[in-house]
Amino acid sequence: MTRVVLADDQTLVRAGFRSMLEGEQDIAVVAEAGDGEEAVRTARTERPDVVLMDIRMPVLDGLEATRRIAADERLRDVKVVILTTFDLDEYVYGALKAGASGFLVKDTEPEELIHGVRVVARGDALLAPSVTRRLIGEFAGRIKEPPPAPRLNSLTEREREVMAAVAAGLSNEELARRLTLSPATAKTHVSRVLTKLGARDRAQLVVIAYETGMVRPGWLG
């Protein structure tokens, strides 16, 4: 059972998302939060699998709430999906840097919301849609000259290929086909890259890949 917390300052928005999710046998909405501070507190008490987090909330915004959840070692398994009104909201890139596992626009279709929750809950980043690559390309492109990245030296050539594929938004299955690997081997390579770079999840790998210049904005693999 995937346990979800809804964090949004609008009661009707929370009710809408709840109604979309409650019909699924493998998903349970365990709590709601009306501001960022409550979202962090609720994440600590409920330990959900996924928090659907609005960006703009009172008391504490979604960006800072995401940062606090990601920084709390006790909440390492809690995944945050950012909810935003605009698909190119510049706050989303900051949220990915803060530790979010992806994002959804608020007017998403029910099946996309449900799919997104399941994708993030199983440990993948919600980064496949082309809009996400546009967003990351848009804001990572502001980094004129990538700083030296000695931590990438620990990666093998194959692991660099894997990381670049992850940055292009490929799932493990797509990555396996692209690099002619078995899905199990692809998953193992991704896990090793995460460990070597001390990254929380695949979303953080994407941010690292762009910020270090491993891939360039607009690169699709």
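The values are calculated or read from the model by the stated rules, or taken from the named source; none is laboratory data. None of the values given here were measured: they were computed from a predicted structure. Glycine also receives a Cβ, built like all others from the backbone with ideal geometry; neighbour counts cover every protein chain displayed. We work out accessible area using only protein heavy atoms, side chains counted, and drop any ligands, DNA or RNA first. Shrake-Rupley method; radii C 1.70, N 1.55, O 1.52, S 1.80 Å.
Does ARG41 meet the test of being farther than 18 Å from ARG67 by Cα and not in a loop (DSSP other than H, G, I, E, B)?
The answer is no for ARG41.
Exactly one of these conditions fails for ALA15: (1) farther than 21 Å from SER171 by Cα; (2) out of contact with any helix residue (DSSP H, G or I) (no Cβ under 8 Å at 6 or more places or on another chain); (3) in contact (Cβ under 8 Å) with a residue 12 or more places away in the chain; (4) of a type in the set (Gly, Ala, Ser). Give me its number.
Result: ALA15 fails condition (3) only.
Quick check on segment 2-15. Is at least one of its residues open to solvent by 20 Å² or more (accessible area, probe 1.4 Å), more than 19 Å from ALA95 (Cβ to Cβ) and part of a loop (DSSP other than H, G, I, E, B)?
No: segment 2-15 contains no residue that is open to solvent by 20 Å² or more (accessible area, probe 1.4 Å), more than 19 Å from ALA95 (Cβ to Cβ) and part of a loop (DSSP other than H, G, I, E, B).
Tell me, please, whether a residue that is open to solvent by 70 Å² or more (accessible area, probe 1.4 Å) and at pLDDT below 85 can be found in segment 131-139.
Here is the first cut: in segment 131-139, the ones open to solvent by 70 Å² or more (accessible area, probe 1.4 Å) are 134, 138.
Those left that are additionally at pLDDT below 85: 134, 138.
Yes.
Inside segment 56-82, can you point out the residues that are assigned to a helix (DSSP H, G or I), open to solvent by 70 Å² or more (accessible area, probe 1.4 Å) and charged (D, E, K, R)?
ARG67, ARG68, GLU73, ARG74
Quick one: in segment 173-193, which of the residues that are among the polar types (S, T, N, Q) and not in a helix (DSSP H, G or I) is least open to solvent (accessible area, probe 1.4 Å)?
So, considering only residues that are among the polar types (S, T, N, Q) and not in a helix (DSSP H, G or I), the one least open to solvent (accessible area, probe 1.4 Å) is SER182.
Can you find a residue that is more than 30 Å from THR212 (Cα to Cα), at pLDDT below 90, touching an Asp or Glu at 6+ places or on another chain (Cβ under 9 Å) and not acidic (Asp, Glu) anywhere in segment 92-104?
No, the conditions are met nowhere in segment 92-104.
Determine, yes or no, whether MET53 is under 19 Å from ALA100 (Cα atoms), open to solvent by less than 50 Å² (accessible area, probe 1.4 Å) and not in a strand (DSSP E or B).
Spelling it out, it is not the case that MET53 is under 19 Å from ALA100 (Cα atoms), open to solvent by less than 50 Å² (accessible area, probe 1.4 Å) and not in a strand (DSSP E or B).
Would you check if ALA100 is of a type outside the set (D, E, K, R), crowded, with 20+ Cβ neighbours inside 10 Å and assigned to a helix (DSSP H, G or I)?
no
Which pairs do you get when a residue that is among the hydrophobic types (A, V, I, L, M, F, W, C) and at pLDDT below 85, found in segment 105-123, comes within reach of a residue that is assigned to a loop (DSSP other than H, G, I, E, B) and open to solvent by 100 Å² or more (accessible area, probe 1.4 Å), reach meaning Cβ atoms under 8 angstrom, with the pair 6+ apart or on two chains?
VAL105/PHE86
From the residues in segment 142-172 that are among the β-branched types (Val, Ile, Thr) and surrounded by 14 or more Cβ atoms within 10 Å (Cβ to Cβ), which one is modelled with the highest pLDDT?
Restricting to residues being among the β-branched types (Val, Ile, Thr) and surrounded by 14 or more Cβ atoms within 10 Å (Cβ to Cβ), the top hit is VAL162.
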